[in-house]
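Just below is one structure, and these are the notes that go with it.
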Amino acid sequence: MKKWIWISCIAIICMFFVGIGKAEATNERGNRYIGLHDRILPLDDIRVIDGDTKVPLKDIAQYLYLPVETKDGKTIIRKRGKEIVFDHLTSMTTLDGVDQPWSPLASIDGQIFISVKYIARETGFQFEYFQSYHTIRIYRDEFNHISHEAFEEVIKSHAQKQTPASTSKKATVYLTFDDGPNQFTLHNLATLEKYNVPATFFFLGNQMKQNESIVKTVSKSGHYIGSHSMTHNKAYVYGSTESFIAEMAGGAQIIEQLTGNSPKLVRVPYGSKPLVTPSMQKSLIAHGYKLWDWNVDSNDWRYTDKQADQIVKNVQDGVMKAIKSGDTDIIILLHDRSQTTIALPKIIEWLQKEGYTFKTYEPDNHIIQNFLRDPLL
């Protein structure tokens, strides 16, 4: 009983410090501002996560003069005699070696975000929250600054200058196809060419051995091909770290042999979590691989040809949900299957009508999207 009372007290204290009053949507984004002394900082990516306002660490660091170091999979901040460490693998934050009982730092969309109130407090600032304008003002009494009443006018003026055009940009969509190459790969490829849409394919090694011409055709059409393992057999792929990396590398080697391209992007069978162990994770990084999961699942494998419209709806619902959560890069999971070939034209037509931009994977512009939340992948 005493143990639960102690845990409850810690939770209440954490809520007080991070300013969680009314519960807000996880990963909420909107018109929010961060002020420093007498000005509004030009921060474009401000999010509310479980009631706590977070911003990209790299952005706030330049204004608060925070020395940030990334080393051995950890992000380290040293300021005013304190050391804050975020472990990318465990997603834990420590302050001077002591685990923090909540998440002041987090990896989101491949970036490290930090709690505004937390970093302000730990580096000697005070803060004031202007609820009507969803604005946090950071300041120090030793610096001359205008009153909070006067600063509210600064916020109001800034808000009036913001135009809807700044938030109207549509997201980028990446159509991805697993489990080929096979006869349905060619059907999907024809549809992509008809609508002039690029895509990303994750092929299986054993399938490529039997369909070499399809691999070459997909590559020559300008689409990216990544490895999806050799066999897709859970026992083989995840039997050990050695078998895991052999399965993924084997597929990549066949792609290179057939196309001349050396792919570094992989998609592991069944998604990375919870099957990919920390050891497998480190092995991917050590071999220079990047990993894509997805943020929209079509669940196409669950349906028959006659149920293709449900696949379309799943994609539409998933995209809208991803947009509401603030995603700007939408990676859609599809498969080279019969029912998908039927649904694909409607999916593309809807996305085009909504104004989304299509891209294939670009190695020089890697988008981090993995369930492990590992920025190194």
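The values are calculated or read from the model by the stated rules, or taken from the named source; none is laboratory data. This one's a predicted model, so the numbers in the text were calculated from it and none came from an experiment. All Cβ positions, even for glycine, are placed from backbone atoms using ideal geometry, and neighbour counts span all protein chains on display.
For segment 181-199, which residues satisfy the criterion of being small (Gly, Ala, Ser) and within 25 Å of the chain's Cα centre (by Cα)? Write out each step before concluding.
Taking segment 181-199 first, the residues small (Gly, Ala, Ser) are 190, 199.
Of everything in segment 181-199, just one residue is small (Gly, Ala, Ser) and within 25 Å of the chain's Cα centre (by Cα), namely Ala199.
Scanning segment 58-73 for residues that are closer than 30 Å to Phe371 by Cβ and surrounded by 15 or more Cβ atoms within 10 Å (Cβ to Cβ) yields a count of 6.
The combined condition, being modelled with pLDDT of 50 or more, touching a Pro at 6+ places or on another chain (Cβ under 6 Å), under 30 Å from His148 (Cβ atoms) and in the same structural domain as Glu122 (by TED's automatic domain parsing), is not fulfilled by Asp38.
Screening segment 40-122 for strands (runs of 3 or more DSSP E) wholly inside it with 2 or more residues that are within 20 Å of the chain's Cα centre (by Cα) and closer than 26 Å to Asp293 by Cβ returns the ranges 47-49, 52-56, 74-79, 82-87, 105-108, 111-115. Per the listing Asp317, Asp327, the residue uniquely among the charged types (D, E, K, R), closer than 30 Å to Val48 by Cα and outside any helix (DSSP H, G or I) is Asp327. Residues in segment 90-132 that are small (Gly, Ala, Ser) and crowded, with 16+ Cβ neighbours inside 10 Å were compared, and the one that is nearest to Pro67 (Cα to Cα) is Ala120.
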